[in-house]
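Please read the structure below before turning to the comments.
The values are calculated or read from the model by the stated rules, or taken from the named source; none is laboratory data. It should be emphasised that the depicted structure is a prediction, and the values quoted were computed from it without experimental measurement. Cβ coordinates were reconstructed from backbone atoms using ideal geometry, including for glycine residues, and neighbour counts include every protein chain displayed.
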Amino acid sequence: MRAVIQRVSHASVTIHGACKSRIGKGLMILIGIEESDNQEDISWLCKKITHLRIFDDEQGVMNKSVVETGGEILVVSQFTLHASTKKGNRPSYIKAAKPETAIPLYQQFCKELEAAFQKPIQTGEFGADMKVELLNDGPVTILIDTKNKE
């Protein structure tokens with residue numbers, strides 16, 4: 001699994017002109033799933049995200065997690081995170097999981113992230129044409145790939 005985690009002042013997802021989800025201060029997470037991803041990847045990533053200390057403490061040092069700050073989380077599926085650009089100019093998405101594999105893993109990821117976060121999260125809609133809007137705070141953007149845990 002690949003996750004792009006952005007610290008945001010606010011973020012939202014609009015589908016067919018209607019706002020599906022909206023958060024204030026917190027994390028906007030783009031999640032890409034590949035065929036080889038499994039439950040271990042989900043559990044590891046959920047723990048990593050909820051404990052990631054990228055919010056300022058009282059001294060202005062990034063030393064607090066989204067849980068500690070009472071922030072919010074918005075998760076959007078994005079298969080293009082697994083784009084391969086090695087050959088030619090058209091990206092290949094061969095490593096991205098097919099919907100029959102990706103949808104259950106995405107749903108499980110959201111469920112486990114919500115449990116680890118201990119409050120509801122917001123989501124996009126898997127496979128939909130989404131308009132994602134956010135105000136990156138910092139900017140702070142972190143890339144995590146579960147295949148590179150060590």
| message | Going by what's in this entry, would residue 101 be described as of a type in the set (S, T, N, Q), surrounded by fewer than 20 Cβ atoms within 10 Å (Cβ to Cβ), modelled with pLDDT under 95 and assigned to a helix (DSSP H, G or I)? | response | no
| said: Within region 69-89, does at least one residue satisfy the condition of being assigned to a loop (DSSP other than H, G, I, E, B), of a type in the set (Gly, Ala, Ser), under 13 Å from the mean Cα position of the chain (by Cα) and modelled with pLDDT of 95 or more? | reply: no
| field | Residues located in region 1-57, provided they are assigned to a helix (DSSP H, G or I) and exposed (fewer than 13 other Cβ atoms within 10 Å of the Cβ) | value | 39, 40, 51
| message | Kindly evaluate residue 146 against the criterion of being among the polar types (S, T, N, Q) and either closer than 23 Å to residue 21 by Cα or in contact (Cβ under 8 Å) with a residue 12 or more places away in the chain (or both). | response | yes
| message | Could you list, ordered by first residue, the pairs with Cβ atoms under 9 Å in which the first is in region 114-132 and within 17 Å of residue 33 (Cα to Cα) and the second is of a type in the set (D, E, K, R), at least 6 apart or interchain? | response | 123/20; 124/20; 125/20; 128/20
| request: Return the only residue of 61, 132 being more than 13 Å from the chain's Cα centre (by Cα) and either among the β-branched types (Val, Ile, Thr) or on the phi > 0 side of the Ramachandran plot (or both). | output: 61
| request: Only one of these is of a type in the set (D, E, K, R), out of contact with any helix residue (DSSP H, G or I) (no Cβ under 9 Å at 6 or more places or on another chain) and touching a residue at least 60 places away in the same chain (Cβ under 8 Å): 98, 86. Name it. | output: 98
| message | Could you check region 70-94 and list, in sequence order, the residues that are surrounded by fewer than 17 Cβ atoms within 10 Å (Cβ to Cβ) and not small (Gly, Ala, Ser)? | response | 80, 85, 86, 87, 89, 90, 91, 93, 94
| Sole residue being out of contact with any Lys or Arg (no Cβ under 9 Å at 6 or more places or on another chain), under 28 Å from residue 129 (Cα atoms) and of a type in the set (D, E, K, R), chosen from 25, 47, 20 | 20
| request: Report, by residue number, each residue of region 55-74 that is of a type outside the set (Asp, Glu) and free of Cβ contacts under 8 Å to residues at least 24 places away in the same chain. | output: 59, 60, 61, 63, 64, 65, 70
| message | So, in region 5-31, how many residues would count as being of a type in the set (A, V, I, L, M, F, W, C), touching a residue at least 12 places away in the same chain (Cβ under 8 Å) and under 18 Å from residue 125 (Cβ atoms)? | response | 8
| field | Selected residue (only one of 53, 90 is in contact with a Ser or Thr (Cβ under 7 Å, 6 or more places away or on another chain) and of a type in the set (Lys, Arg)) | value | 53
